[in-house]
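**Student:** Shown below is the structure under consideration.
The values are calculated or read from the model by the stated rules, or taken from the named source; none is laboratory data. Remember, it's a predicted structure, so these values are computed and weren't measured experimentally. Cβ placement follows ideal geometry from the backbone for every residue including glycine, while neighbour counts extend to all protein chains displayed.
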Amino acid sequence: MNTISVADELVVAGRRTVPPSHARNVLTVAHRELREAVRSRWFILYTVAFAVLGLGVSFVSTAVAGGTGLSGFGRTTAGLINMVLLVVPLMGLTAGAGSVASDRERGMLQYLLAQPVTPGEVLFGKFLGLAVSLLACLCLGLGTCALVLSWQGQPTRPGSILWLAGLSFGLAMAMLSVGMLISVLARKASVAVGTAVFVWLVLVFVTDLGLMAGVVSLRMRIEDLFLLSLANPVQVFKMWSLHAAGTTLDVLGPAGLYAMDQYGPRLHAIFAACMAGWVAVPMVIASVTFSRRPLI
């Protein structure tokens, strides 16, 4: 981040109002974070990778099924959801993990906090800027995918793309929040990014294996299995996206059947509350921790 530019804008903001506007400070940091993120290599890499993988999954699914592209999430639903499950959590975790730790390691954070800005404003400004950059990455990737499919004569439904983009953005925000918490706790950027990759492996791969092992060895009850699934934002996204696509959750086994039978139309609210919790709770913990020891 160009810390000197951020500091200059914060000083100007502080002269306009006494005390300076908290919202203006947050937006100033967010604007700079967004600009630096868009210029970074990870943004370009993730955007291109997301678009290419989305196109590959869509065309392969269409060719195999003889279907109609992304229509209604169509026959590409499973492939696109699995792609999002792998790529989007890694995007959010690594973007968040490098935000605070890298500035702290380079000494830029100390200079920034010497300006008329609080640690909380810096943290939430960084979160907002990275959130917008991730949204742009998802929209560009999925938008390119939809445009190419339409150009190739594959019918697409904008509503389906918007649903997938919205749910993917919710998952990205949850992972970004966790990544920001890791970044606040880590002293070095390399440690933060390494921890983020480890968390990604646990959430995406290890959790599924653990749930299957628990069902077999511990004879876990169906309701307990469903509750444990809600504790993982990746599983919440999977169930929510399938439910939003009009697919019955019986594809998820007994836990999905239990959820449909017990909660029915309330599932959207349950999934939304779980995802919102994963966005809010890590950020609150990160904010409290960062406010107490921003430079440690």
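**Student:** Any residue in the stretch 116-139 that is among the polar types (S, T, N, Q) sitting within a Cβ distance under 7 Å of a residue that is assigned to a helix (DSSP H, G or I)? List the pairs, counting only those 6 or more apart or interchain.
**Tutor:** Short answer, once both residue conditions are applied: S133/L34; S133/A37; S133/V38; S133/F43.
**Student:** Would you check if there is a residue in the stretch 90-103 being out of contact with any helix residue (DSSP H, G or I) (no Cβ under 6 Å at 6 or more places or on another chain) and not hydroxyl-bearing (S, T, Y)?
**Tutor:** The first filter runs over the stretch 90-103 and keeps only residues out of contact with any helix residue (DSSP H, G or I) (no Cβ under 6 Å at 6 or more places or on another chain), leaving none.
No: the stretch 90-103 contains no residue that is out of contact with any helix residue (DSSP H, G or I) (no Cβ under 6 Å at 6 or more places or on another chain) and not hydroxyl-bearing (S, T, Y).
**Student:** Please state which one of L203, L252, L176 is closer than 30 Å to G107 by Cα and either in contact with a helix residue (DSSP H, G or I) (Cβ under 9 Å, 6 or more places away or on another chain) or modelled with pLDDT of 80 or more (or both). Outline the logic, then answer.
**Tutor:** Numbers: L203 fails: closer than 30 Å to G107 by Cα; L252 fails: closer than 30 Å to G107 by Cα.
Of L203, L252, L176, the one residue that is closer than 30 Å to G107 by Cα and either in contact with a helix residue (DSSP H, G or I) (Cβ under 9 Å, 6 or more places away or on another chain) or modelled with pLDDT of 80 or more (or both) is L176.
**Student:** Working only within the stretch 270-296, note down all residues that are surrounded by 17 or more Cβ atoms within 10 Å (Cβ to Cβ), within 12 Å of F124 (Cα to Cα) and touching a Pro at 6+ places or on another chain (Cβ under 7 Å).
**Tutor:** Once the filter is applied, which keeps residues that are surrounded by 17 or more Cβ atoms within 10 Å (Cβ to Cβ), within 12 Å of F124 (Cα to Cα) and touching a Pro at 6+ places or on another chain (Cβ under 7 Å), the stretch 270-296 yields only F290.
**Student:** Could you check the stretch 73-100 and list, in sequence order, the residues that are at pLDDT 90 or above and among the hydroxyl-bearing types (S, T, Y)?
**Tutor:** Residue satisfying the conditions is T94 alone.
Okay, residues lined up against (1) at pLDDT below 85; (2) more than 30 Å from V52 (Cα to Cα); (3) under 20 Å from the mean Cα position of the chain (by Cα); (4) surrounded by fewer than 17 Cβ atoms within 10 Å (Cβ to Cβ):
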| site | (1), (2), (3), (4) |
| --- | --- |
| S102 | no, no, yes, no |
| G107 | yes, yes, no, yes |
| L112 | yes, yes, no, no |
| L123 | no, yes, yes, no |
| K126 | no, no, yes, no |
| S133 | no, no, yes, no |
| W151 | yes, no, no, yes |
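**Student:** Something else now. Restricting attention to the stretch 206-234, and to residues there that are more than 14 Å from L86 (Cβ to Cβ) and polar (S, T, N, Q), which single residue is modelled with the highest pLDDT?
**Tutor:** N232
**Student:** OK, next. Just to verify a result, which residue in the stretch 108-123, among those that are part of a loop (DSSP other than H, G, I, E, B) and β-branched (V, I, T), is farthest from R293 (Cα to Cα)? Full working, then the answer.
**Tutor:** Here is the first cut: in the stretch 108-123, the ones part of a loop (DSSP other than H, G, I, E, B) are 114-118.
With β-branched (V, I, T) added as a condition, the list becomes 117-118.
On the way: V117: 15, T118: 12 Å.
Among residues in the stretch 108-123 that are part of a loop (DSSP other than H, G, I, E, B) and β-branched (V, I, T), the one farthest from R293 (Cα to Cα) is V117.
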